[in-house]
Amino acid sequence: MTWQEYAAAWSRLHGGFDPETAAPVVRGWIRLAYRGGSLLGRLGVGPGAVTAAGLVLCVAVPFAALLGRPGLLLGALLVLLASCADALDGAVAVVTGRVSRLGFVYDSVADRLGELAWLAAFWVAGVPGWLAAAGAAVSWLHEYVRARAAAGGMDGLGIVTVGERPTRVSVAISGLLVGGLAGLLHPGWETTVVQVAAVAWLGLGVLGLAQLALAVRRELSA
């Protein structure tokens, strides 16, 4: 499959968003996923296996956090690898012609479980349970509202909010990485850093949910 064919297929799966018009970083990430997916496809690796591998990496994150400050650094690496797997499973499905509605469901469920594991790692690192739970609830509600709006007739994504999954990935990696480094330099600071990351996750999630709610109201009430 050529890049042009892949970009067209990717666009159809993402509400008509053309990757060629994306920001350079986003466009580069999509091209990287295309190349990685093409390689895995040639090796006979299926999209389901990539999704499962990503979920296993996510589940390992809170266990890594149990190791203390060095474990937070390991957790950041695991989240990064899991996010790569999340990009690659869809790419493998497209380039191998194995895109399916069931695979879409599996991928979505794996994403939500993975985010729950990242927040569990925050909790292990000292984030209050209510804050981690609130972050999870807002993220899940964000995706639920979009899914119900799509079922109700909303075209495409509706709007790309500040609380999308890439934001959650960035916050998780940054919180664990900076927290681990801060803790190694100044013992005790890791908890403060991870708590700030959890607050950022929740705050951006609430703002993103508000953006999405307004977009849904505007489109479905027209």
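Some observations on this one:
- Considered as a group, the residues in the range 143-159 that are surrounded by fewer than 20 Cβ atoms within 10 Å (Cβ to Cβ) and under 17 Å from the mean Cα position of the chain (by Cα) include one that is nearest to residue 16 (Cα to Cα), and that residue is 157.
- So residue 112, is it without any contact (Cβ under 8 Å) to a residue 60 or more places away in the chain, open to solvent by less than 80 Å² (accessible area, probe 1.4 Å) and among the basic types (Lys, Arg): yes
- Per-region count, the range 158-167, residues in a loop (DSSP other than H, G, I, E, B) and under 14 Å from residue 29 (Cβ atoms): 1
- Residues in the range 32-50 include none that are farther than 30 Å from residue 197 by Cβ, touching a residue at least 24 places away in the same chain (Cβ under 8 Å), outside any helix (DSSP H, G or I) and hydroxyl-bearing (Ser, Thr, Tyr).
- Residue identified as within 15 Å of the chain's Cα centre (by Cα) and closer than 27 Å to residue 127 by Cα among 80, 73: 80
Residue-by-condition table, conditions (1) within 19 Å of residue 64 (Cβ to Cβ); (2) of a type outside the set (Asp, Glu); (3) outside any helix (DSSP H, G or I); (4) open to solvent by 60 Å² or more (accessible area, probe 1.4 Å):
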position	(1), (2), (3), (4)
141	no, yes, no, yes
169	yes, yes, no, no
202	no, yes, no, no
215	no, yes, no, no
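- Selection of the range 115-127 for residues being crowded, with 21+ Cβ neighbours inside 10 Å and either touching a Cys at 6+ places or on another chain (Cβ under 6 Å) or on the phi > 0 side of the Ramachandran plot (or both) yields only 117.
- Residue among 94, 99 that alone is touching a residue at least 40 places away in the same chain (Cβ under 8 Å), open to solvent by less than 40 Å² (accessible area, probe 1.4 Å) and under 22 Å from residue 2 (Cβ atoms): 94
The values are calculated or read from the model by the stated rules, or taken from the named source; none is laboratory data. Owing to the predicted nature of the structure, the values given are computational and were not obtained by experimental measurement. We place every Cβ from the backbone using ideal geometry, glycine too, and count neighbours over all the protein chains shown. Ligands, DNA and RNA are stripped out before the accessible areas are found, and what is left, the full protein with its side chains, is counted by its heavy atoms. Shrake-Rupley method; radii C 1.70, N 1.55, O 1.52, S 1.80 Å.
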